[in-house]
Structure formats: C-alpha cells, structure tokens
Amino acid sequence: MITREIQLTTQVVGTPTLDHFTVTTTEVEGEVVVRTDQIGLAATYLELMRADCTIPVPAWQPGQRVGVAAIGTVVRSDSPELAVGDLVQSMTGWSEYSAGPATQYTKLDPIADPGYYLGQGPTAYYGMADVAGVGEGDVVFVSGAAGGVGSLAGQIAKCLGAARVIGSAGSPAKVDYLVNELGYDAAFDYRDGSVADRLRELAPEGISVFFDVVGGEQYQAALQTAGPGARFALCGSLSSQLGGAAERFPKPDHAAAQARGVELLPFSCYHTPDQIAAWREHFRTWLGEGRFVYPQTVIKGGIEDVPQAFLSLLQGSYRGNVSVRLS
C-alpha cells in the first residue's frame, strides 16, 4: 500500500515552523492495513520533536514519521482479530495509511463521533482523580483551562464533587466559553492583570487543588493563594515551551511549597491500559447523564494540512481537544 506521511525534516530548536516537516510517499505492509480517518494533535508532541527531549520516551528523529494517536478503518486484514471495516485506534501517527500486526490496533465501538477517542481525557482524569485526589468540597484552579487537557480537567473536578472550579485562559472569548459552555464556576484572562489578585478575588479562602499545564506566573500565583495542605498536580509548562530544556521544565520551588504546606505532585502523561479504561468508563457515564461536554475542534483537510494545524494549536488558535479529519 502506497501512502503519504509526515516526517520530521530536522529536530526543533526554538520555534517550530512548516520547514520542520516533510510530506513523503512511502510503502506500508503488514498483517493489517488501516486507512487513517482522524489524527489527534497535542502540544506535548513538540517536546518529542526536540533533540533535548525531556519526556522519558525516544524523541523523533529526522526522517521518522511523527505523530501519535490516530483513528482509522481496516481496509485489509489477514488476522482473525480484525475484519475489514472495523474501527480501530493506534499510535501510528501522521499518515494516510498504516500497517502492522493486529496487536498494534485496538478495536473500538463505532460511535457517532470517533473524535471522542482522540481526546486527552486519560491525562486529565488521571491527574485530577488519582494524582490530585479531588473530592467533595475542593476549590480547584485549572491553568490553560480551554486547552485539550484543561477543558476536560475542570469538568472532571465538578463531576468528582469539587465545590468550586476556577479556570484561566488567554482571551475573553475563551473565558466566556469556560463558564457558559463547560460549566466552570469562574474564569479569568491571565493576560488581564495579576493572576494572584484574580485568584484571591475568586477563591478568598484559598485553593485546595491546582491542576497546572502552564507553569510560570500561574504556578507562582497558585502557590501564593493555596490553602494549607493544597495538592498541586503538575502536568506541564506551556508558558516556557520554547526555551531550553531547563526553561521548558523548570523545577518547582519545593521550599516555598513546603513552607505553605503544599504537596507538589508532578506526573507523566504516559498511561496504562487501566488508566485509559477508567477514563472511558467515567466519561461514558458522565456524558450519558448530561453532566459532561466533550470540547473539541476538528479540522478537515488532507495529510499535508496536519503540520499547519499542529502549529496553530501551539499558537492557541483552537479550543478543547484538536484533531484533523482526513478528506
């Protein structure tokens, strides 16, 4: 099977551009051949494109296909486990077709919108439920709340019984989206004045949980307004994603956190099958009960449009989970 795929031209230093990607024609063959229907995008992919990648998995090399999560349809199969027409999920990346052993693909239940399977729910659920242990009465602050992880994390906190959920975003439109569409109790534009002052105003008794995907000023502000025993689930540092490795993942101030009785809980976004299953079980329940909104942006285009969609995601152009539906 001849396919087009996106390969890394050269590893990223500084700001990524379209020059870092190449559309290449190649051949794929294997026990199962799958047509890619929809490709998931996430800001964390940028780290895997760097020579000084700090994520504990191999960085992508020049000439290697990039991307991770994809949804597709089986078009040829020599396996009794998968039949032509089956909907499957894989980690085969940015390619029109992929091929490999049947074990490389997970058969999915057909649903109205397969984009549901491409969201960053496992990260949000694991961080909020297992790492931070959100429960009844918590006052939760989520940074980067309009993004793929944050837009789910705040809703998860509400479903787990949080008394109040506050989010930050980068524009008035996104603030309105958080409150009026995703059910956040309050939200603010982090560009509009002091983050610490806004948190003191919205959570006068202090926050008990901070779910952080941004770092920088928002982490410092959360630390200043945290109540005794607060739990900080540290997922990322988007505010410094274009610097060197030390700048992109600055070490949190453990001394300041200890002085305020704050528990720092950094965690990885690599998840086990059990963690993924836990998310999907709760997601189906909450969605069916009408307690949850799945926030997503779907871009329609060809495989050649995926790199630009990824760069636009990094620039904050979209809301919620982002994917490209190939046409």
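The values are calculated or read from the model by the stated rules, or taken from the named source; none is laboratory data. Fair warning: this is a prediction, and the values are worked out from it, not measured in the lab. When we count neighbours, we look across all protein chains shown, and the Cβ atoms used for this are built from the backbone with ideal geometry, even at glycine. Ligands, DNA and RNA are excluded from the accessible area calculation, which covers all protein heavy atoms including side chains. Shrake-Rupley method; radii C 1.70, N 1.55, O 1.52, S 1.80 Å.
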Identify, please: which residue in segment 243-286 is modelled with pLDDT under 85, farther than 30 Å from V13 by Cα and among the polar types (S, T, N, Q) and is, among those, least open to solvent (accessible area, probe 1.4 Å)? T272
Report whether or not P101 is in contact with an Asp or Glu (Cβ under 7 Å, 6 or more places away or on another chain), modelled with pLDDT of 95 or more and open to solvent by 20 Å² or more (accessible area, probe 1.4 Å). yes
From D109, D86, D113, residue being under 23 Å from S151 (Cα atoms), open to solvent by 20 Å² or more (accessible area, probe 1.4 Å) and among the acidic types (D, E): D113
Quick one: in segment 49-68, of everything that is surrounded by fewer than 20 Cβ atoms within 10 Å (Cβ to Cβ) and small (G, A, S), which residue is nearest to N321 (Cα to Cα)? A59
Scan of segment 199-215 for residues that are crowded, with 17+ Cβ neighbours inside 10 Å and either within 25 Å of the chain's Cα centre (by Cα) or without any contact (Cβ under 8 Å) to a residue 24 or more places away in the chain (or both), ordered by number: L199, I207, S208, V209, F210, F211, D212, V213, V214, G215
Cβ contacts < 8 Å: first residue under 19 Å from L234 (Cα atoms), restricted to segment 115-126; second residue small (G, A, S) and part of a helix (DSSP H, G or I), any location; separation 6+ or different chain. Result? A124/G150; A124/A153; Y125/A278; Y126/A278
Any pair with Cβ under 6 angstrom, 6 or more apart, that starts in segment 298-310 at a residue that is of a type in the set (A, V, I, L, M, F, W, C) and ends at one that is assigned to a helix (DSSP H, G or I) and open to solvent by less than 40 Å² (accessible area, probe 1.4 Å): V298/G115; I299/A309
Looking at (1) open to solvent by 60 Å² or more (accessible area, probe 1.4 Å); (2) at pLDDT below 95; (3) not in a loop (DSSP other than H, G, I, E, B), can you tell me which one L46 breaks? (1)
Can you list residue pairs whose Cβ atoms sit under 6 Å apart, with the first residue in segment 169-186 being of a type in the set (S, T, N, Q) and the second being part of a loop (DSSP other than H, G, I, E, B)? Count only pairs 6 or more apart in sequence or on different chains. none
May I ask you to list the residues in segment 164-177 that are farther than 16 Å from V139 by Cβ, outside any loop (DSSP other than H, G, I, E, B) and not charged (D, E, K, R)? A169, P172, A173, V175, Y177
Suppose the filter is outside any helix (DSSP H, G or I) and either more than 17 Å from the chain's Cα centre (by Cα) or modelled with pLDDT under 95 (or both); does G161 pass it? yes
Restricting attention to segment 215-237, and to residues there that are part of a helix (DSSP H, G or I) and out of contact with any Lys or Arg (no Cβ under 9 Å at 6 or more places or on another chain), which single residue is modelled with the lowest pLDDT? G216
So, of the residues in segment 3-25 that are free of Cβ contacts under 8 Å to residues at least 40 places away in the same chain and assigned to a strand (DSSP E or B), which turns out to be farthest from G320 (Cα to Cα)? T25
Filtering segment 49-74 down to residues that are outside any loop (DSSP other than H, G, I, E, B) and at pLDDT 95 or above, which residue is farthest from W94 (Cα to Cα)? V74
Leading residue by the ranking (farthest from A277 (Cα to Cα)) among those in segment 75-90 that are polar (S, T, N, Q) and outside any loop (DSSP other than H, G, I, E, B): S77
Tally, over segment 116-158, of residues that are part of a helix (DSSP H, G or I), within 19 Å of E263 (Cβ to Cβ), hydrophobic (A, V, I, L, M, F, W, C) and open to solvent by 10 Å² or more (accessible area, probe 1.4 Å): 2
So how many residues does segment 297-321 have that are surrounded by 19 or more Cβ atoms within 10 Å (Cβ to Cβ) and modelled with pLDDT under 95? 5
